[in-house]
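So the structure is just underneath, and the comments pick up after that.
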Amino acid sequence: MSDHKFRGRREDLRLLTGQGRYTADHGYEGQVAGYFLRADRAHAKISRIDTAAARKLPGVLDVLTGADLVAADWKGPPVMSFFKGVGGSSLRVPFRSGLAHERVRYVGEPVALIVAQSEYIAQDAAELIEIEYQDLPVLVTAHDAAANGAVRVHDEVPDNLAFDYEYGNRESTEPGFTQAAHVVRVELHAQRISGNPMEPKSCTALYDAAVDVFEVCIPTQGTGDLKAALSQITGLPPEKFRIRSADVGGGFGVRNEIYPEFLAVMLAAKRTGKPVKWLGTRSETMSGDHHGRGADLIGELAVDSKGQFLALRVQWLVNLGAFCSNAGPLINTVAAPTSSAISLYNVPALHGRHRLVFTNTTPTTAYRGAGRPNVAYLWERLVEEAAVATGINAVTLRRRNVLKKNAFPLKTPTGSTYDSGDPARLLDTALKASDWDGFAKRRRAAKREGKLRGIGLALFLEPSGGMGKEQVELRVEPDGRLSMFSLAGPSGQGHETVYPALVADILGVSEDKIDLRYNDVNTPKLIGTGTFGSRSLICHGAALTKGAREIVEKGKALAARHLEVAADDVTFADGQYRVAGTDLSVSMQALIEKRWGEATHPLTTNVTLDLANAFPSGAHVAEVEIDPQTGAAQIVNYVAADDCGTIYNHKLVEGQLHGGLMQGIGQVFGEHIAYDPDTGQLLSGTFMDYFMPRAENLPPINLIDCGVPSPVNPLGAKGAGEAGATGAVPALANAVLDALKPVNVAKLEMPYTSHQIWRAIHQSAASSG
C-alpha cells in the first residue's frame, strides 16, 4: 500500500452524516427502560433494602437487587489471572455480582435496577427505594489500604492485598548496587484518570426463551472476548450470545470489560421477557467506568563512575479499586512492567515487586498505554536524576546506555524478546529535529519575556500485539464481493479503510469490492481477541494478509482450470494470472465473480495465525513555556520520532499518534479522578470538575517515521496506538521540571495544573527567601 491510494476513511461518510449505529441506536419493538440506583457512599453494609413502594408504582415492571443476581447463580466477570505471584501465590479475585449484595464498596456502585415503561418512571421509582446502610471506614488510597489494621474491603482478603508480584532477580541486582558509585531513587505518583469515551457505557439486552439466547447491544473493543466472558459467567456456550456492536464511540482500554450493569440488564430482560435498554450518563461513565493509572512508583538505579547503568530496582503500589477488573491486574504486572522493564537501556540486572491492593474506589483497568507510560515515566525520571548525580549530561548518559541496533533481537533479563529496533537513530533524529542544541538560546529569549522555558527528552519501548492466535475468514459472496470476517472491532482506528486496502493490494482488485465485517452477529465462529494493546495491524491485519496470500495460491489452480493449462505454468502479478510465454490471462476479479458450481466458492479461505509480540519504540522531545505569574504552561514544540515498524497508512498512524499524545497531555496537565480522602466521594465526576484536553492544548507536532520492520509478523508491523501516550508523559514531565529548575522546584507531582505549578513556584520562593 502507498499513501497515494488514501482517499479518506471509508467509514467517515457514515459517521459524519449521522448514519453511525451506536448502542443507543439499537432498538427493539416493545423495549422498556432500565435505570440504576447507585451507592451514595463508599463503604457500608446494606442492613435493609425495601423495594415494595417502587414496585407498586404504575409502569414499573421489575426491580432487581443484588439478591436477585446472586440467586441467578452467575459467576463474577472473569479476570486475566494466569500468572503467579510471590511464592507461587495466585491473584485474589473476590466475587463481583451485577448489583451490590450485602455491602457497597465504592460510590456509584450499582445497587438496584429498576425496569419500567419509561426511564422517567424508573427514575421516580428509584426514589421510592429505601436503603438502610451501616457505614464502614473508607479506604481511598493504596497506602491506607495496605496499612496494618486497615478495615477489610473484602472479608476474605484480610490485608487488602490482591496480589504480590515480582519479576527479575533481586540477588542479581546486589552486586550492581554494592559496586555503584551513585544510586539514585525516584518516587512518583501516576494519578488515577478517566478514559471518558465519547459514547457513555450503555446496554440493551433481549432474551429469547425459546432458544435460550441473549442478544446484547454494548460498546465493546471485541465481541469474541465478551462472548467468552459471558459464557464463563452464565455457563451458557458462547453461541448463545449475539452481541451487536457496530460502531463504538471510543475504547481506550476501558471498553474491553464485562461491566456489572450488563449482567443486571441481561437478567432483567430474561425476567421480564422484554428488551431492556439502559443508556448511561456521563456522570455514570466517569464514576462507574473502570479508571486508568492509579499507582505509586518507586525506582532505584545503580550507576558506576563512568555513567554505566548497573542495576535497577522497581516497586509499584497499585490501587486496584474495590474489585479486580478484567485487565487491571495484568497490565500492572506481566503486561508492560515485565515485558518492557529495561525500556531502551542496557541494564544487566533488575528486580521489580508490585503490590496490588483493594480500596473503596472504582476499579482500575487498562487505559491507553496500559502500564507502559508508568514504566517510561519512572525510567526517564531516573535517568534525569542520574545525570544530576553523576554530573554527566543527560543526553550523553543516554547515549552511553542505550541499546545498540545489533543487539536485536534481544532477550531481556525478564524473559521477553525485543524483536527489532534502532534506539540510537531514534535519539539522534529527535534531537536534531527539535534543535536540541539551540535550546539555550530559546531559553534566554523566553527569560527576557518573563517566561520559564524547559525541554524534556524521553526514550521508551513498549509491547504490542501477541495474545495467542488470530483467525479470519475471507468469503466470496454470491454477488462477487469479498467479505472479510474478523474479530477486529474498531473504535475509531479506521479498520474499514485499511484492511480492505491491505487485502486489495495483495489480490490486485478494487478495495471498493471488499467489505470488512467485524462484530457481525452472523460471523463464523473464530478464535482470537479484539482491538486493544496496539495489536490490530499486527494481529488482524497480518491474519488477513495471510488469508489473502492463500487466496492467491488457490487462484493459481483455478486460473489453470479456467485457462486449461498446468498450474505450474501460471504466474500472478498485479491482479492478473498469466501463462508464461503466451497471451493467456485471467484476472483475480474474474475468478472471484465466476460461479464454479460449488456450494462454497473455492477461493473462500479461513486461516489462523500464531501471534508474537512486536516492540515499538520512540524518542520524544517536548518544549514548554511557563508563565511564573500564573503557573500556566504551554507546549511550544513537540517532536516524536517513532519506530512503528512498517507503516501501511501514514494518515491513520498519524491520527493514532496524535490521539495518544492528546491523552498523554491530558494526564500531564490536568486529568485527575479525585476522591475525598475521608468519605470516598468523587470530587471530579463531571466535566465541570474534570479537565479534558482541547485543541488549544495540542502543540505543533513533528512526527518522524523511524521504522524498523518487525520480523515476527508478515507485515513487519508494530503497534502505534499507544506510543503517543507512552512518550508524552515522561517527555512533558521532564520538560516541565526542566523549566522549573531556575526557580528551584525539583519535584512536582502530576497533574501539572496552573495552580499546582504556581503554588510550587511560590512555595519555593518563600522557603528560599
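The values are calculated or read from the model by the stated rules, or taken from the named source; none is laboratory data. All of these numbers come straight from a predicted model, not from anything done at the bench. Because the Cβ atoms are built from the backbone with ideal geometry, glycine has one as well, and the counts that use them run over all protein chains shown. All accessible areas refer to the heavy atoms of the entire protein, side chains included, with ligands and DNA or RNA removed. Shrake-Rupley method; radii C 1.70, N 1.55, O 1.52, S 1.80 Å.
For the range 457-472, the residues whose backbone nitrogen is under 15 Å from a point 7 Å from the Cα of residue 527, taken along Cα to Cβ, are 467-472. Ranked by the mean number of other Cβ atoms within 10 Å per residue, highest first, peptides 610-620, 519-529 order as 610-620, 519-529.
Rolling a 1.4 Å probe over the protein heavy atoms of the range 90-224, with every protein chain left in place, gives an accessible area that is 47 percent carbon and sulfur. When nucleic acids and ligands are ignored and a 1.4 Å probe is applied, residue 460 ends up with an accessible area of around 0 Å². Considering only 193, 221, 241, the residue lying farthest towards the positive end of the dipole of the range 170-248 is 193, judged by Cα position with unit charges set on Cβ. Reported to the nearest whole Å, the Cα centre-to-centre distance from the range 267-318 to the range 401-442 is 28.
Alpha carbon centre of the range 32-110 versus the range 134-167: separation in Å? Cα centroid to Cα centroid, the span is 19 Å. Only protein heavy atoms count here; under a 1.4 Å probe, residue 479 has an accessible surface of about 110 Å².
The residues neighbouring residue 474, those whose beta-carbon lies less than 12 Å from its own, together hold a net charge of +2 under the Lys/Arg +1, Asp/Glu -1 convention. Surface composition of the range 12-76: carbon and sulfur make up 51 percent of the accessible area, probe 1.4 Å.
Starting from the Cα gyration tensor of the range 683-724, take the square roots of the eigenvalues, sort them a ≥ b ≥ c, and report rounded, prolate or oblate (rounded when a/c is under 1.5, otherwise prolate if a/b is larger than b/c, else oblate). List each step's numbers first, then the result.
Numbers: a/c = 6.42, a/b = 2.22, b/c = 2.89.
Cα axes put the range 683-724 in the oblate bin.
The accessible-area ordering, largest first, of the residues 105, 448, 242 stands as 448, 242, 105, per a 1.4 angstrom probe.
The order of the peptides 150-159, 502-511 by mean Cβ neighbours within 10 Å, most packed first, is 502-511, 150-159. Distance from the Cα centroid of the range 552-617 to that of the range 207-238 is 37 Å (rounded to whole angstrom).
What shape does the chain have by the C-alpha gyration tensor, where a ≥ b ≥ c are the square roots of the eigenvalues, rounded means a/c under 1.5, and otherwise prolate means a/b greater than b/c and oblate the rest? Oblate, since a/c reaches 1.5 and b/c is not below a/b. Between beta-carbons, use under 13 Å as the cut-off and find the net charge around residue 271, counting Lys and Arg +1, Asp and Glu -1. For residues surrounding residue 271, the net value is +1.
Would you work out the charge dipole size for the chain about its Cα centre, treating the Cβ of every Lys and Arg as +1 and the Cβ of every Asp and Glu as -1, and quote it to the nearest 20 debye?
Working: 78 positive and 86 negative charges, 260 e Å.
About 1260 debye.
Accessible area ranking (1.4 Å probe, heavy atoms, ligands and nucleic acids excluded), largest first, for 604, 630: 630, 604.
Taking a ≥ b ≥ c as the square roots of the eigenvalues of the Cα gyration tensor, an a/c ratio of 1.5 or more together with a/b no larger than b/c marks the range 3-144 as oblate.
Express the accessible area of the chain per residue in Å², computed with a 1.4 Å probe while the remaining protein chains stay in the model. Spell out each step's value before the answer.
Values: 29350 Å² over 769 residues.
Result: 38 Å² of accessible area for each residue.
When you count the other C-beta atoms within 10 angstrom of each residue and take the mean per peptide, 712-721, 74-83, 381-390 line up highest first as 712-721, 381-390, 74-83.
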